[in-house]
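All of the numbers you see were taken from the coordinates with simple rules; none came from a lab. What you see is a predicted model; the values in this text were computed from it and never measured.
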Amino acid sequence: MTAYGGDLIRFTNEGLDSIQSQTRSQQDEYNEIWNNVHRQLLALVEQGQVDASIGQVLNERDEQFHRESAGFDEGVTAQNTAMRDVQTIGNEGGAAMVRAAMGSGR
């Protein structure tokens, strides 16, 4: 944030931080939901309330979930890296514009 001729020039990118934070929160949430469901179903198998063969299927689904969520997580990480790059470029560009507006080339 810079004052120029009494006016305030401000470049912000908080919206990008919010998107990254929400995405990370969603990742935590879907992992928590799956882990809770997985735990509850395994408990039913262990208590004999559900056929034991369901346990094998559940383990296969657990492996599949972790594979697919890992791929999604990698995509989110790449997206967040790209957003940080955009923020950096925006900050650098904003600072350059402020310097230019103030009559300084540096």
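Here are the numbers for this structure:
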| item | result |
| --- | --- |
| Rounded Å value of the spacing that divides the Cα centres of the range 32-71 and the range 74-104 | 43 Å |
| Between helix 52-101 and the chain: long-axis angle, C-alpha atoms, 0 to 90°, nearest 10 | 0 degrees |
| Principal-axis tilt of helix 14-46 within the chain, Cα atoms, nearest 10 degrees | 10 degrees |
| Largest-first principal axis extents of the Cα set of the range 27-71 (Å) | 33, 17, 8 |
| At 1.306 mPa s and 10 °C, Stokes diffusion of the chain via Kirkwood alpha-carbon radius, µm² per second | 89 µm²/s |
